[in-house]
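To keep things clear, I will list the structure first and then write my remarks on it.
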Amino acid sequence: MTKKHRDFHFLYDLKDSIKDKINTIATKIYGAEGVEYTEKALQDMELLERVGFVNVPICIAKTQYSLSDDPKSLGRPKGFKITIRELKPSAGAGFIVAYAGNILTMPGLPKHPAAEKMDISEDGRIRGLF
């Protein structure tokens, strides 16, 4: 094991509040000016804090097109705030997922699934598989 691997540390202290951890990621990694929360996200955060699921890492799920939560603001925009719409625990994995913007959570799906080109003819032949 190299020294590089032994020196791993989080960007934030795991004992920081959920809000502080999200703010650190948003401002120091994504370049956001701050974070806004929906009412749902605030309710989720309160529940996670109440049940003690707080001293864990945060994963922010957002569009892959931008460091913001807006897929139309490509790359690394300036002067933006990230909106967190909900929080969900990944208890088995030991972290919280903060969902930013309107995203699909199924990884690797194309904009137009192959199923759109598939059909079955009247005689039972399937078209569009290849």
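Counting just the residues of region 119-128 that are touching a strand residue (DSSP E or B) at 6+ places or on another chain (Cβ under 7 Å) and not in a strand (DSSP E or B), which one comes out modelled with the lowest pLDDT? Restricting to residues being touching a strand residue (DSSP E or B) at 6+ places or on another chain (Cβ under 7 Å) and not in a strand (DSSP E or B), the top hit is Gly128. Of the residues making up region 89-101, just one is part of a loop (DSSP other than H, G, I, E, B) and surrounded by 15 or more Cβ atoms within 10 Å (Cβ to Cβ), namely Gly101.
Of everything listed in (1) at pLDDT 85 or above; (2) assigned to a loop (DSSP other than H, G, I, E, B), the single unmet condition for Glu86 is (2). With a requirement of 1 or more residues that are buried (at least 16 other Cβ atoms within 10 Å of the Cβ), of a type in the set (Asp, Glu) and modelled with pLDDT of 95 or more, the helices (runs of 4 or more DSSP H) lying completely within region 1-82 that satisfy it span 39-50. Once region 60-75 is narrowed to residues that are touching a residue at least 24 places away in the same chain (Cβ under 8 Å) and of a type in the set (Ser, Thr, Tyr), the residue that is farthest from Ile103 (Cα to Cα) is Ser68. Annotation note: Cβ proximity below 9 Å between a residue of region 103-130 that is within 30 Å of Ala61 (Cα to Cα) and a residue that is aliphatic (A, V, I, L, M) and modelled with pLDDT of 85 or more (sequence gap 6+ or interchain) occurs for Ile103/Ala61; Thr105/Ala61; Thr105/Val97.
Listed here are the residues, each with its yes/no results for (1) touching a residue at least 12 places away in the same chain (Cβ under 8 Å); (2) among the polar types (S, T, N, Q); (3) more than 20 Å from Thr83 (Cβ to Cβ).
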position	(1), (2), (3)
Phe8	no, no, yes
Leu14	yes, no, yes
Thr24	yes, yes, no
Gly31	yes, no, no
Tyr37	yes, no, no
Ala41	yes, no, no
Gly52	no, no, yes
Asn55	yes, yes, yes
Ile58	yes, no, no
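Taking the criterion of being at pLDDT 85 or above and not hydroxyl-bearing (Ser, Thr, Tyr), the residues of region 93-115 that qualify are Ala93, Gly94, Phe95, Ile96, Val97, Ala98, Ala100.
The values are calculated or read from the model by the stated rules, or taken from the named source; none is laboratory data. What you are looking at is a predicted structure, and each value in this text was computed from that prediction instead of being measured. Using ideal geometry, Cβ is built from the backbone for each residue, glycine included, and neighbour counts are taken over all protein chains shown.
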